[in-house]
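Comments concern the structure below.
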Number of protein chains: 2
Amino acid sequence: MAEYGAIINGVRDSLTDDWRFIENVFKLLQNADTFCADPNQWDRQKIVHFMQPDELKKLINLSVNEEEQCTRLEIEQLCQQVIQYSVKTSHGRFHNQLFGQLDPYGLAGALLTEALNTSSYTFEVAPVFSLIETEIISTVCRLAGYTQGDGIFAPGGSASNMYGLVLARYKRAPNVKSTGMFGMRPLVLFTSEDSHYSMKKAAHWLGIGADNCVAIRTNDNGQMLLSDLEAQIKAAQERGCEPFFINATAGTTVLGAFDDFTGIAKLAAQYDLWLHVDACLGGAALLAYKHSSLLTGLQKANSFAWNPHKTLGVPLQCSLFLTRESDLLARCNSIEVNYLFQQDKFYDVSYDTGNKSVQCGRKIDAFKFWLMLKARGYGTFGHLVDHAIDMSRLLEQKLRERTDRFRLVQDTHEYSNVCFWYIPKFMRVPKNEENEQWWTRLFTVAPKVKQQMAYSGTLMVGYTPLSSRGLGNFFRMVLTCFPVLKTEELDFILDEIERLGEMCVY
Amino acid sequence: MAEYGAIINGVRDSLTDDWRFIENVFKLLQNADTFCADPNQWDRQKIVHFMQPDELKKLINLSVNEEEQCTRLEIEQLCQQVIQYSVKTSHGRFHNQLFGQLDPYGLAGALLTEALNTSSYTFEVAPVFSLIETEIISTVCRLAGYTQGDGIFAPGGSASNMYGLVLARYKRAPNVKSTGMFGMRPLVLFTSEDSHYSMKKAAHWLGIGADNCVAIRTNDNGQMLLSDLEAQIKAAQERGCEPFFINATAGTTVLGAFDDFTGIAKLAAQYDLWLHVDACLGGAALLAYKHSSLLTGLQKANSFAWNPHKTLGVPLQCSLFLTRESDLLARCNSIEVNYLFQQDKFYDVSYDTGNKSVQCGRKIDAFKFWLMLKARGYGTFGHLVDHAIDMSRLLEQKLRERTDRFRLVQDTHEYSNVCFWYIPKFMRVPKNEENEQWWTRLFTVAPKVKQQMAYSGTLMVGYTPLSSRGLGNFFRMVLTCFPVLKTEELDFILDEIERLGEMCVY
């Protein structure tokens, strides 16, 4: 290897050209096949060129080495390969996760954020972004009916839900911050059996324990049963535990169900429990008009989490934790940090928001969302959310029209998730022959169709079982705001599942 | 407001043009003043156009509204304002934080990551990125001397350190995952008084309590005193607590000190404690040649955290948690998640790494780092780390040469942090007149010079007190790999502090 000084000078001298490489990236991003944003091209553009892990490892030179250096041309080729073999989540036929399909203004904001590469802990290093974060938080508080709320951006919904638990615990027992939970009666939280797994992981991390995260039964719509909730609260009290927290869900992961927040809030008040709402998915209904009643009662919650990267098309990740109490977040999480949150600065240090966070460095997740809201107004997003839900109703109707080929998991649904089975030709039998064996077999269909989806690259829809109902695999289709689908597209989805479904070997 | 259908159609019809807005963003990013990457332009380019919060609020139209929509031109103007009033952390004279000053290949990777907008939980939605994450983790394990290690990318060093605590607790008491810590003797962890505040916040969040995070005294170099460590372990045992965890630091936040890992590892083994190393800052020395001995003994740690977004110039954020034990991370954090980590997929699901994480959705933080390593080889970064440290030694020497005007906090330093006071003209007195009052006054200088820095926009260097020494505010200058400074630049830094220092009103 060349000697130290020569290497250092070499890097220094090539930096101007290295910066020019960014222009090559722009060209890659201008290629229509990177985003697949034009509906007229979807028939031609694959969402994914699926390769098995071992094949992909052979195809892309993944190894990093001490001395080996790629040329700029080779780096560009690697980038092209990465684009080619990555999933195009902005393709209008990617319906595999609760995120996907960007708002271009959100992407514009994300690109600028990356370029400006700063952290949102202090006004000093993030002056504009700090103000923007505050603007978003106060706007969302207002929309949620929190007159004196506060909030913070967190790295995803799991973290946002954890903020709720930590705040509730601090409110109940402020000493936990200093002395821990060792002397306490076991704290218990309650969440529906259909709620997100992050509550259980959070209970583990926060030292509460997954067993103290009690699963509450749901009704046929996927909503927490208030009778079971109350019974479980009492049962926890009776076994000497201390109930402290209810997590209600606005938009469950699979069915998209909304719990009865008003009813749950009453129980929370009666038993003196903190009510948190995991609105990571369904928080977008805050902006809706026709479907705004989904969130009735949200303002009674002590806190909630919302991921605008779901439904709205904000780039990953954009997750908000909000609480009704104005100063609790700061009191709970702040500690003395002399090197960062100095109190003798030359500006009003109340604009340094980082000490409210459990993180130190923190991505700027507010700006991309803000740019979208500036470009369209949040009312437009309200209509887009309504449209996504309306389209899901239409899909439900179309599924019903193809009743011999598809079967709905629920008769009606609340949000934009539609869950259904595909029935391959060889399984289409008279209803009375749909016995247990038939159903068991039906549960094996979705994974097989999914494999065809991946290899064809024409459509991606997720599948899942639902243990709370004893149901095996079915498709969960999720509609989002972008790219503003037309009804013909819904026909394509069902036609394509039928086409792929008949290519499988069962 | 227009009717629902018209609004939906309007958004759909404008989307093609909206996507074209991305090209305007490229133009903004091609403007030389966005990155300030050319050393020849630094004299002309301000790092920040500082405005007080209230002024900035008047200048930029921050409010988001229901119906108000900005035109594309207005959005572009807003973006221009955001760039103008944001801090240019890639400017070669930004030395304010431990991050800053990007590698352009890292930025290239970050831009592509944003564009491809996916989450690193499953191979299904992140095929290439999953393999890249695994490649980076196994490379870093190898460099650290972990023959069978495992790891995960986390949203920042605080989260990575938390992983260490959760793993250690799980190893000590696996039942905590299910039943929590309520019945246990208080768990106690030990960390130096100069270590990062994230350990204390983590102790709070994880239910251990900040008081059970015991601060160990440091020596004059800022290294944990082994004698005090052992005394505190014994004291904790004697008061009926259960010591379980030592956090050693590789590169303390202020002084950049490296603890004696070999000595601490011996104590950890003797008392059966988990040894974690917070190498968020100093982990870059893993790649170094001349200065590799800084990390001697790291391979004896059970786990460590490293933020390549510090020192190396990977864009924020890029933080790694690594552990020596191959399957512990999965056993500790995984739970059954049927909708995401299905076991009946059509590929080898061991490539789905997300269940090891406490997060659900997770940013792709590996790719930008990988692209840098592919472009330069990690050996080059080793030399760049050596160079950053060498330059800091040179700065130390230059400070010593200006001994009437500057005073070093330490005679020698280990990493690339250099800590010093500026002595304004009116305070330059014979040594024997440097009494307590003089020192107290000196501690007020840095914040005043800092204010001048912000308003002039010519230089940004952080300041901090150091309570473990009873020291008031001094400058903490941090050198990083990019943009590969020349020695003249060090003279500029000191000249500029002198110039600004004489503009202050004391």
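Since every read-out is calculated from the coordinates, none of them should be taken as a lab result. Predicted, not measured: the structure shown is a model, and the values here were computed from it. Note: ideal-geometry Cβ built from the backbone for every residue, glycine included; neighbour counts use all protein chains shown.
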Determine the shape class of region B:233-392: with a ≥ b ≥ c the square roots of the Cα gyration tensor eigenvalues, call it rounded for a/c under 1.5, and otherwise prolate if a/b is greater than b/c, oblate otherwise. oblate
Taking a point 7 Å out from Cα toward Cβ as the label site, list the nm distances between B:GLY5 and the same residue in every other copy, smallest first. 7.8
For A:LEU471, the residues 5 or more places away or on another chain with a placed amide H closer than 5 Å to its own amide H are A:LEU466
Give the distance, in whole Å, between the Cα centre of region A:322-364 and the Cα centre of region A:192-211. 27 Å
³J(HN,Hα) computed for each position of region A:41-51 - Karplus, 6.51 cos²θ - 1.76 cosθ + 1.60, integer Hz, glycine/proline x: 9, 4, 4, 8, 8, 7, 6, 8, 9, 6, 10
Principal axis dimensions, region B:346-413 - Cα atoms, whole angstrom, descending: 70, 28, 16
To the nearest 20 Debye, how big is the dipole of the protein assembly as shown about its Cα centre, given +1 on the beta carbon of each Lys and Arg and -1 on that of each Asp and Glu? 1300 debye
Summed side-chain charge close to A:PRO155 - residues other than A:PRO155 whose Cβ falls under 9 Å, Lys, Arg +1, Asp, Glu -1: +3
Can you give the calculated 222 nm mean residue ellipticity of the protein assembly as shown, where each DSSP H run of n ≥ 4 adds -39,500 (n - 2.57) and the sum is split over every residue, rounded to the nearest 500 deg cm²/dmol? -13000 deg cm²/dmol
Placing unit charges on C-beta atoms (Lys and Arg positive, Asp and Glu negative, everything else neutral), compute the dipole magnitude of chain A about its Cα centre in debye, rounded to 20. 1020 debye
Environment charge at B:ASP17 (Cβ cut-off 15 Å; Lys +1, Arg +1, Asp -1, Glu -1): -3
Prolate/oblate/rounded label for region B:34-118 (Cα gyration tensor, a/c 1.5): oblate
What average count of beta carbons from other chains do you get within 10 Å of the Cβ of residues in A:376-387? 6
Would chain A count as rounded, prolate or oblate if I go by the C-alpha gyration tensor, calling it rounded below 1.5 in a/c and otherwise prolate when a/b exceeds b/c, oblate otherwise? oblate
Average beta-carbon neighbours from other chains, 10 Å sphere, peptide B:348-361: 4
Geometric extent, Cα atoms of region B:218-281 - Rg, Dmax (angstrom): 11.9, 34
So for region A:120-376, averaging the separation of alpha carbon pairs under 8 Å that are six or more residues apart and normalising by length, what relative contact order in percent results? 27 percent
How far is A:GLU23 from itself in the other copies, in nm, if each label sits 7 Å out from Cα along the Cα-Cβ line, shortest first? 1.6
For A:LYS57, counting only aspartates and glutamates whose alpha-carbon sits under 13 Å away and dropping same-chain residues fewer than eight positions off, the answer is B:GLU133, B:GLU135
Write down the radius of gyration of the protein assembly as shown and its Dmax, each obtained from C-alpha positions, in Å. 28.0, 103
Going by amide H atoms built from the backbone, whose H comes under 5 Å of the H on A:TYR463, apart from near neighbours? A:ARG476
Through the Karplus equation 6.51 cos²θ - 1.76 cosθ + 1.60, θ set to phi - 60°, convert the phi angles of region A:400-409 into ³J(HN,Hα) values in whole Hz; use x for Gly and Pro. 5, 5, 9, 4, 6, 9, 9, 9, 6, 6
Taking beta carbons within 10 Å but only from partner chains, what does the mean come to for residues B:123-134? 6
For region B:120-376, convex hull of alpha carbons as volume per residue, Å³: 121 Å³
Under the definition of Cα pairs under 8 Å and six or more residues apart, what whole-number percent is the relative contact order of region A:350-465? 14 percent
Once the label point is set 7 Å along the Cα-to-beta-carbon vector, what list of distances in nm do you get between A:SER293 and its counterparts in the other copies? 7.6
Rg to Rh for region B:380-501: what is it, with Cα atoms only and Rh by Kirkwood? 0.97
Which pairs, out of A:LYS266/B:LYS177; A:LYS88/A:LYS363; B:LYS201/B:LYS448; A:LYS200/B:LYS356; B:LYS290/B:LYS486, put more than 21 Å between their alpha-carbon atoms? A:LYS266/B:LYS177; A:LYS88/A:LYS363; B:LYS201/B:LYS448
With a 10 Å radius around each residue's Cβ, average the other Cβ atoms per peptide and rank A:321-329, B:73-81, highest first. A:321-329, B:73-81
For region A:120-130, in order, what is each residue's ³J(HN,Hα) by Karplus, 6.51 cos²θ - 1.76 cosθ + 1.60 with θ = phi - 60°, in whole Hz (x at glycine and Pro)? 8, 7, 10, 4, 3, 9, 9, x, 5, 5, 4
Formal net charge of residues neighbouring A:GLY251 (Cβ-Cβ distance under 13 Å; K, R +1; D, E -1): -2
